[in-house]
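Chemist: Sharing a structure below in structure tokens format, with a few things to ask.
Only the coordinates and a few stated rules stand behind these numbers; no lab work does. Not measured: the values here are computed from a predicted model. Glycine gets a Cβ as well: all are built from the backbone with ideal geometry, and neighbour counts include every protein chain shown.
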Amino acid sequence: MMRVTIDNLTFGYDYRTVLKNVSFKLNSGDFLAVVGNNGSGKSTLVKCILGVNKVPNNKILLDDIDINLYKSFINIGYVPQKFDDFNYEFPITVNEILMASRYSKISESEKLELLDKIGILEIQNENINNLSGGQLQRVFIVRSLMNNPKLLILDEPTVGVDHDNVKNFYKTIQELNASGITIILITHNISESKDMFTHVLSIIDGEANFRALDRGENKND
Ligand SMILES: Nc1ncnc2c1ncn2[C@@H]1O[C@H](COP(=O)(O)OP(=O)(O)OP(=O)(O)O)[C@@H](O)[C@H]1O
Ligand SMILES: [Mg+2]
């Protein structure tokens with residue numbers, strides 16, 4: 001459960017402005033879809049919210065705390081945008097990677113339940129370097145959910161994931177959202193899940209348009 005406020009954020013790399021005067025407000029339990037063409041600044045925006053991209057004071061507030069003073073990034077679950085040349089330098093299993101990312105005291109049975117829901121229970125002892133792209137993506141999804149996040153940031157989480165597992169994933173996400181977790185999801189495929197969103201942010205040439213939806217308004221499309 002987390003509130004996210006972006007107040008007139010402008011951000012760029014070096015001299016190039018990527019995001020121009022972006023503003024929006026999310027309440028606890030909101031579900032935001034972020035859409036826009038390749039290179040429009042979607043991942044850049046979420047990296048600002050994650051504190052990876054440094055922003056000026058009072059531009060991003062998490063639960064009304066300036067991000068530059070925010071100390072509890074453990075509350076944020078994150079699935080990064082997939083990269084294809086991912087490789088660990090040393091052998092490590094799915095289970096080991098999950099245990100290493102576990103900060104809160106999720107029990108063994110909760111962990112197994114999560115692995116089962118996301119459909120990777122049977123590969124928990126596989127070496128991470130031997131996984132397919134979609135399996136690896138689902139390891140990242142489980143990892144993002146393990147620490148009881150209050151805010152989930154998902155950057156194209158279902159790229160490379162097959163149809164059945166996409167459905168399972170959105171079912172889990174919907175349950176989490178119903179329990180009050182705020183979600184920001186970047187997607188090029190809004191139809192996968194459009195009846196779940198409360199808001200849409202579309203970024204065009206760095207300028208963002210934010211609008212609220214009636215949840216389910218598109219259900220019968
Ligand atoms: N670390 C960086 N340093 C310099 N420029 C960057 C960096 N990261 C992104 N950019 C540039 O910022 C712009 C926005 O990139 P970003 O990754 O945010 O786009 P995106 O909307 O997520 O695109 P996609 O749909 O392809 O994932 C692009 O022109 C990109 O080249
Ligand atoms: Mg991106």
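Chemist: Which of S107, S202, S40 ends up with the largest GNM mean-square fluctuation for the chain, with Cα atoms connected below 10 Å?
Modeler: S107
Chemist: Right, another one. Convex hull over the alpha-carbon atoms of the chain: what's its volume per residue in Å³?
Modeler: Output value, Cα hull per residue: 130 Å³.
Chemist: Ordered by residue, what ³J(HN,Hα) values in Hz, to whole numbers, does the range 141-153 give under the Karplus form 6.51 cos²θ - 1.76 cosθ + 1.60, where θ = phi - 60° and Gly and Pro are x?
Modeler: Each residue of the range 141-153 in turn: 5, 4, 4, 5, 9, 6, 9, 6, x, 9, 10, 10, 10 Hz.
Chemist: Then there is this: Which FRET efficiency value, to the nearest 0.05, do you get for Y15 and R102 by plugging their Cβ-Cβ distance into 1/(1 + (r/R0)^6) with R0 = 30 Å?
Modeler: Efficiency, from the Cβ-Cβ distance: 0.15.
Chemist: First select every other residue whose beta carbon is under 13 angstrom from the beta carbon of R102; then total the charges, Lys and Arg +1, Asp and Glu -1.
Modeler: Cβ neighbours under 13 Å give a net charge of 0.
Chemist: Loop-only check: which trypsin sites (Lys or Arg not before Pro) in the range 63-127 are DSSP coil with at most 16 other Cβ within 10 angstrom?
Modeler: Within the range 63-127, the qualifying trypsin sites (Lys or Arg not before Pro) (loop, at most 16 other Cβ atoms within 10 Å) are K71, R102, K105.
Chemist: Take the chain, mark every one of the chymotrypsin sites (Phe, Trp or Tyr not before Pro) that falls in a DSSP loop and has at most 12 other Cβ within 10 Å, then report the longest stretch left between them, sites excluded.
Modeler: 104-221
Chemist: If you take every DSSP beta bridge fully contained in the chain, what fraction is antiparallel? Give it as a percent rounded to 5.
Modeler: Antiparallel: roughly 50 percent of the beta bridges in the chain.
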